[in-house]
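S.K.: Below is one structure. I have some questions about it.
The values are calculated or read from the model by the stated rules, or taken from the named source; none is laboratory data. In this text, all values refer to a predicted model and were calculated from it rather than measured experimentally. Cβ atoms come from the backbone with ideal geometry, glycine included; neighbour counts cover every protein chain shown.
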Amino acid sequence: MRARFSYIIAAAVVFACLFYLSLPAAAEAPAVGGQFPDIPLIAPKDKGQADYLGLTPGKGFRVPDIRADLVIVEVFSMYCPYCQAEAPVLNTLYGKIEADPSLRGRIKLVGIGAGNSTFEVNFFKRKYQVPFPLLPDDDFSIHKVLGGVRTPYFIVVKNLGGGGHEVVFSQGGACGRADDFLKKVIGLGGLKTR
């Protein structure tokens, strides 16, 4: 009887191990020095927002397709109080970039609303007067590929030309003061400014 019980326990352990090993590996947040995941996105339908990114409205794209030297990707949620508090800082950051002729067009911002529908993303955009494009991720599919990061989360992607790119910053939490974050992004991205 005791041998039979030991056999059942051993079989259960083996089964559990095989089941665990068959599960897909959890994605991790994009690492500095690595590449941004090859995630298919849809450009905003609004012509001004798509033009800002250098894309065709409503067409598919990948983050490295955005016409800029550096792309700041914010993963946010309209339900995240930290993201709500961060919105004015990012609006200031956007304003500083667009007001500086040596940065305008070279650094772009885009937000991805984790678990947010088009309606929710647009609501957030209107409520917090966000000037840069925000993209929905209503089924969390993008969020999962990005490692299921907590919000807000920032990833800075440097376009290397010829289709190449590199993550130069990947971190969760508040970005801090707009001036300080901008200096950090410029430094990590190796941008030469006036």
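S.K.: In segment 69-110, what count of residues is obtained for those that are aliphatic (A, V, I, L, M), surrounded by fewer than 22 Cβ atoms within 10 Å (Cβ to Cβ) and touching a Gly at 6+ places or on another chain (Cβ under 9 Å)?
M.R.: Residues in segment 69-110 being aliphatic (A, V, I, L, M), surrounded by fewer than 22 Cβ atoms within 10 Å (Cβ to Cβ) and touching a Gly at 6+ places or on another chain (Cβ under 9 Å): 1 in total.
S.K.: Quick check: is even one residue across segment 88-99 at pLDDT 95 or above, more than 23 Å from residue 148 (Cβ to Cβ) and of a type in the set (Phe, Trp, Tyr)?
M.R.: Going through segment 88-99, the residues at pLDDT 95 or above turn out to be 88-99.
From what is left, the residues that are more than 23 Å from residue 148 (Cβ to Cβ) are 88-89, 91-99.
With of a type in the set (Phe, Trp, Tyr) added as a condition, the list becomes 94.
Yes, some residue in segment 88-99 is at pLDDT 95 or above, more than 23 Å from residue 148 (Cβ to Cβ) and of a type in the set (Phe, Trp, Tyr).
S.K.: Here's a follow-up. Just one of 103, 135 is of a type in the set (A, V, I, L, M, F, W, C), at pLDDT 95 or above and in a strand (DSSP E or B); which is it?
M.R.: 135
S.K.: Let me ask something else about it. Which residue pairs have Cβ atoms closer than 8 Å, lie 6 or more positions apart in sequence or on different chains, and pair a first residue in segment 140-158 that is modelled with pLDDT of 95 or more with a second residue that is part of a loop (DSSP other than H, G, I, E, B) and among the hydroxyl-bearing types (Ser, Thr, Tyr)?
M.R.: Listed by first residue and then by second, the contacts come to 151/77.
S.K.: Going residue by residue through segment 79-92, is there one that turns out to be under 22 Å from residue 190 (Cα atoms) and either out of contact with any Pro (no Cβ under 6 Å at 6 or more places or on another chain) or among the hydrophobic types (A, V, I, L, M, F, W, C) (or both)?
M.R.: So in segment 79-92, the residues under 22 Å from residue 190 (Cα atoms) come out as 90, 92.
Checking the rest, the ones that are also either out of contact with any Pro (no Cβ under 6 Å at 6 or more places or on another chain) or among the hydrophobic types (A, V, I, L, M, F, W, C) (or both) come to 90, 92.
The answer is yes; a qualifying residue exists.
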